1. Determine, yes or no, whether I196 is more than 17 Å from S227 (Cα to Cα) and at pLDDT 95 or above.
2. Among the residues of the stretch 55-66, are any at pLDDT 85 or above and either in a helix (DSSP H, G or I) or of a type outside the set (V, I, T) (or both)?
3. Could you list all residues from the stretch 126-171 that are touching a residue at least 60 places away in the same chain (Cβ under 8 Å) and of a type in the set (A, V, I, L, M)?
4. Do the conditions hold for V125, that is, is it under 25 Å from V191 (Cβ atoms), open to solvent by less than 10 Å² (accessible area, probe 1.4 Å), within 18 Å of the chain's Cα centre (by Cα) and at pLDDT 90 or above?
5. In the stretch 206-254, how many residues are open to solvent by less than 30 Å² (accessible area, probe 1.4 Å) and touching a His at 6+ places or on another chain (Cβ under 7 Å)?
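The values are calculated or read from the model by the stated rules, or taken from the named source; none is laboratory data. Since we're looking at a predicted model, the values are computed, not measured. Virtual Cβ from ideal backbone geometry, glycine too; neighbours counted across all protein chains shown. Surface accessibility is based on the protein's heavy atoms, side chains included, excluding ligands, DNA and RNA. Shrake-Rupley method; radii C 1.70, N 1.55, O 1.52, S 1.80 Å.
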Amino acid sequence: MFLSERQAEIVELAKQDGRVLVDALSERFGVTPQTIRKDLNDLCDAKILRRIHGGAINPSGTENVEYEQRRQIAADEKAAIGRRAASLVPDGASLFINIGTTTEAVSEALVNHRNLMVITNNLNVANRLRLFPTIDVVISGGIVRQADGGIVGEAAVDFIRQFKVDYAIIGASAIDNDGALLDYDFREVKVAQAIIQNARNVILVADSTKFKNSAPVRIAHVSQVDSVVTDARVPRDFQLLCRENDVEVIQVTV
């Protein structure tokens, strides 16, 4: 595909920031939102970008977006989701927190809790929460992924299976129309499955961009979680699916 100068700059912005938004691009380039939407549609048709509500992100395909870029995608939504999910966890609870930028947002919102026991396979979560004396942090063994500080592999699975906790905070890289929760790394998925199996209450945290993504490895079905904390753009079909399976959907606004 031949890229215009504006389209090429849009692609570079998407690479830098993780996502681009129609309104911001319209203002930046001094063109109408309709013109920007056409640019994004053309770039998405060529599989250079992937369309999301109100803009576009780098395409994922079967590979995950770079960690720092993922942190920037729907950053405000993730922060709001993190605060709301943290409010569901009482003082004195034990909980798992797994790998993901949204689960990390939950950990950021837990710092004022007291007497928590946090078991995690996420080095970023452990490094953040270890600084707070009222939170005990237990970290799994296993293979550390250089890309994001996630700890994966059979050793991590065996470690998780030693516990039975009050809450699990889990994420997903993609959510399919049938309610399947998906990820990219089968080693990470095995840890996530062990976390789900060994928690009394499972909280899925996921922003609405996850409904636009695809990933090849199945973690679980949404019916296996107790609550979903997400933003205001969740597809209605997914909400109905959750209702049919007695899964609470908690939507935050930004």
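1. Judged against the criteria, I196 is not a match.
2. First, pick out the residues of the stretch 55-66 that are at pLDDT 85 or above: 55-56.
Within this subset, residues satisfying the condition of being either in a helix (DSSP H, G or I) or of a type outside the set (V, I, T) (or both) are 55-56.
Checked against the condition, which is being at pLDDT 85 or above and either in a helix (DSSP H, G or I) or of a type outside the set (V, I, T) (or both), the stretch 55-66 yields at least one hit.
3. Those that are touching a residue at least 60 places away in the same chain (Cβ under 8 Å) and of a type in the set (A, V, I, L, M): A147, I160, V165, A168, I169, I170.
4. yes
5. 1
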